[in-house]
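Below you'll find the structure I mean.
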Amino acid sequence: MTRSYQIRTYGCQMNVHDSERLAGMLEDAGYVRAGTDADPDVVVFNTCAVRENADNRLYGNLGHLRPAKDRNPGMQIAVGGCLAQKDRGEIVKRAPWVDVVFGTHNLGSLPTLLERARHNEEAEVEILESLDVFPSTLPARRESAYSGWVSVSVGCNNTCTFCIVPALRGKEKDRRPGEILAEVQALVSEGVLEVTLLGQNVNAYGVEFGDRFAFGKLLRSCGEIEGLERVRFTSPHPRDFTDDVIAAMAETPNVCHQLHMPLQSGSDQVLKQMRRSYRSQRYLDILRKVREAMPDAAITTDIIVGFPGETEEDFEATMEVVREARFASAFTFQYSKRPGTPAAEMEGQLPKEVVQQRYDRLIELQNQISWDVGKELVGGSVELLVAEGEGRKDTETHRLSGRARDGRLVHFTPVGAVDGQVRPGDVVHTTITRAAPHHLVADSEITAHRRTRAGDHWEEGVRPKTSGVSLGLPSFGAPPAQPAEQQGCAC
């Protein structure tokens with residue numbers, strides 16, 4: 001009998017992409033994705049360990065599943081990801097109804113571990129200390145018909161004192177450029193219009209094979225792939241951000257003028273305590289160069305409020321950088337103490353009420369800046385890649401939603417020069433009529449609508465399936481086009 005699966009994903013884009021790999025492997029092993037209202041035979045939790053309440057969230061969700069497991073003993077529960085790598089055997093001690101625990105380094109083991117647990121009728125825990133295979137050599141069932149993640153590396157060589165990720169994901173391991181480009185080509189062959197290059201520190205790409213300009217070359221090579229309309233990347237580190245990457249962004253037509261670059265703090269003293277190997281002026285200099293090369297660039301960031309020892313003066317330094325940087329938006333976080341990180345043992349842990357008060361002030365400032373920056377775009381034309389599920393109020397407002405080339409979310413009215421139904425994956429052109437702190441609105445008529453293969457696939461319910469790509473050591477340059485059956489990309 002065919003068994004069904006469901007994957008619940010928490011955390012960063014890397015986890016989202018890892019879940020696509022898990023889905024691909026399960027489908028290759030004969031599992032099918034569970035329907036929305038169906039009870040799955042296998043539930044996989046792909047966990048995150050970055051936030052303080054990650055543990056409570058996982059064990060709470062596992063507790064909610066226990067009655068279903070009691071009713072159906074054949075049901076299996078698997079826990080993977082960063083929290084599994086950290087907690088290991090503790091998970092089955094606290095939740096003995098869990099069948100499988102696997103870490104960040106052995107995603108490919110999941111189908112075997114499920115089968116072994118079923119056969120032996122006992123929990124299987126397998127946590128490796130280093131990669132057994134590079135994740136991108138594994139098959140993937142993609143979530144989107146029009147946009148795809150492509151990993152350029154896994155792991156991180158940085159030692160930020162607040163971050164537990166390097167301890168759980170390991171040292172940086174880089175893929176060869178030909179493998180990356182082949183995967184991009186495979187996605188484009190499946191109708192995908194947009195790819196996002198992923199790495200824990202994406203612009204450090206090339207460190208493992210000794211080419212500090214490798215990332216800029218990779219962006220330019222993506223520009224040679226016919227049919228690839230948009231290229232994004234996340235997340236770069238200011239330490240490794242070189243002028244050649246700015247030039248590649250500005251000179252490669254399909255590379256989007258969007259940059260998400262974490263600031264974390266505007267205080268040089270706090271940056272030093274964080275072991276962030278740049279200072280605020282270096283960060284602002286990068287932004288200045290980006291805007292000189294691409295005046296239309298949308299720049300976003302991450303900021304941590306309340307790091308141990310942060311003074312009011314330190315926090316004001318962050319506010320000043322935010323004022324000067326004029327970010328399009330910012331992901332702001334209250335410092336979260338994570339056992340196993342140096343920052344967790346630092347003196348000067350701040351009271352919750354102090355952190356909350358500073359956090360609220362930062363949110364208020366950034367919301368006003370985002371709104372002001374958005375207002376500058378009102379009246380301008382915009383090209384949107386129509387998205388699925390990004391507008392919570394689309395049904396009641398009779399709008400659809402899409403992403404501009406600079407990454408901004410735009411809610412638009414699907415009237416005007418429309419060629420049939422406007423579908424996720426299609427491309428439309430319209431005019432911005434209103435701005436809000438977290439989105440833009442385009443209630444004017446659509447001036448152009450291009451139906452795409454990605455839109456066709458969305459309408460047919462087809463999601464791309466890519467096999468693992470491992471091609472040895474090819475060099476830079478667009479890969480030769482190959483028939484889909486050779487790439488293993490057929491749906």
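Using the alpha-carbon centroid of each, what span in Å lies between the stretch 310-377 and the stretch 42-105?
32 Å
What is the percent carbon and sulfur in the accessible area of the chain, measuring with a 1.4 Å probe over the protein chains and ignoring ligands?
Details: 10280 of 20870 Å².
C and S fraction of accessible area: 49 percent.
For the stretch 154-210, what does the alpha-carbon gyration tensor say about shape, rounded, prolate or oblate, given a ≥ b ≥ c as the root eigenvalues, a/c under 1.5 as rounded, and a/b over b/c as prolate? Write down the numbers at each step before the final one.
Working: a/c = 3.24, a/b = 2.01, b/c = 1.61.
It comes out prolate by the Cα gyration axes.
Hey, how much of the P(r) for the chain falls beyond 34 Å, as a percent of Cα pairs?
Working: 46876 of 120295 pairs.
Cα-Cα pairs in the chain separated by more than 34 Å: 39 percent.
Let me ask something else about it. Exactly which trypsin sites (Lys or Arg not before Pro) in the stretch 110-181 are in a DSSP loop and have at most 14 other Cβ atoms within 10 Å?
Details: sites: Arg116, Arg118, Arg141, Arg142, Arg169, Lys171, Lys173, Arg175; in loops: Arg142, Lys171, Arg175.
Passing sites in the stretch 110-181 are Lys171.
Now for a separate question. In the stretch 370-421, what trypsin sites (Lys or Arg not before Pro) fall in a loop by DSSP, with at most 14 other Cβ atoms inside 10 Å?
On the way: sites: Lys375, Arg392, Lys393, Arg399, Arg403, Arg405, Arg408; in loops: Arg392, Lys393, Arg399, Arg405, Arg408.
When the trypsin sites (Lys or Arg not before Pro) of the stretch 370-421 are filtered for loop state and at most 14 Cβ neighbours within 10 Å, Arg392, Lys393 remain.
So, one more: With θ taken as phi - 60° and the coefficients 6.51, -1.76 and 1.60, list the Karplus ³J(HN,Hα) couplings across the stretch 87-100 in order, rounded to whole Hz; mark glycine and proline as x.
Working through the residues one at a time gives 8, 6, x, 4, 5, 6, 6, 7, 9, x, 7, 6, 9, 9 Hz.
By the scheme Lys and Arg +1, Asp and Glu -1, what is the net charge of all other residues having a beta-carbon under 12 Å from that of Arg232?
Values: positive: Arg230, Arg403, Arg405; negative: Glu194, Glu229, Asp406.
Counting the neighbours of Arg232, the net charge comes to 0.
Using the scaling law 2.2 N^0.38 Å as the reference, what is the normalised Cα Rg of the stretch 1-70? Don't skip to the answer; put the middle values down first.
Values: Rg = 13.0 Å, N = 70, 2.2 N^0.38 = 11.1 Å.
Normalised by 2.2 N^0.38 Å, the Cα Rg of the stretch 1-70 equals 1.18.
Show me the three semi-axes of the equivalent ellipsoid for the stretch 221-365, from the C-alpha gyration tensor (sqrt of 5 times each eigenvalue), largest first, rounded to whole Å. Please list the in-between numbers first.
On the way: eigenvalues 201, 47, 37 Å².
Value: 32, 15, 14 Å, ordered largest first.
With every protein chain kept in the model, how would you rank Arg276, Arg212, Arg94 by accessible area, 1.4 Å probe, largest at the top? Intermediate results must be reported in sequence, preceding the final value.
Values: Arg276 15, Arg212 160, Arg94 125 Å².
The most accessible residue leads, giving Arg212, Arg94, Arg276.
Moving on to the next point. Could you tell me the number of lysine pairs in the chain with C-alpha atoms less than 25 Å from each other, where the two lysines are 8 or more residues apart or belong to different chains?
Lysine pairs, 8 or more places apart or on different chains, close enough: 18.
If you count the DSSP beta bridges with both ends in the chain, what percent of them are antiparallel, to the nearest 5?
Rounded to the nearest five, the antiparallel share is 35 percent.
Further, regarding this structure: Placing +1 at every Lys and Arg Cβ and -1 at every Asp and Glu Cβ, with all other atoms neutral, what dipole size does the stretch 224-266 have around its Cα centre, in debye to the nearest 20? Numbers along the way, then the final one.
Numbers: 3 positive and 7 negative charges, 61 e Å.
The dipole magnitude comes to about 300 debye.
Calculate the dipole size of the chain relative to its Cα centre from +1 charges on Lys and Arg beta carbons and -1 charges on Asp and Glu beta carbons; express the result in debye to the nearest 20.
Numbers: 57 positive and 69 negative charges, 75 e Å.
Dipole about the Cα centre, nearest 20: 360 debye.
Roughly how large, in nm² to one decimal, is the mean projection of the convex hull of the alpha-carbon atoms in the stretch 93-151? The partial results should precede the final answer.
Values: hull surface 22.1 nm².
Approximately 5.5 nm², given one-decimal rounding.
Same structure, new question: Let's see if you can work this out: charge +1 on each Lys and Arg Cβ, -1 on each Asp and Glu Cβ, no other charges. What is the dipole magnitude of the stretch 260-369 about its Cα centre, in debye to the nearest 20?
Values: 15 positive and 17 negative charges, 84 e Å.
Value, rounded to 20: 400 debye.
Now, a different point. At 1.4 Å probe size, with every protein chain present, just tell me what the per residue accessible area of the chain comes to in Å².
Working: 20870 Å² over 491 residues.
Each residue of the chain exposes 43 Å² on average to a 1.4 Å probe.
The values are calculated or read from the model by the stated rules, or taken from the named source; none is laboratory data. All values derive from a computational prediction rather than experimental measurement. Glycine also receives a Cβ, built like all others from the backbone with ideal geometry; neighbour counts cover every protein chain displayed. Surface areas here come from the heavy atoms of the whole protein model, side chains and all, with no ligands, DNA or RNA. Shrake-Rupley method; radii C 1.70, N 1.55, O 1.52, S 1.80 Å.
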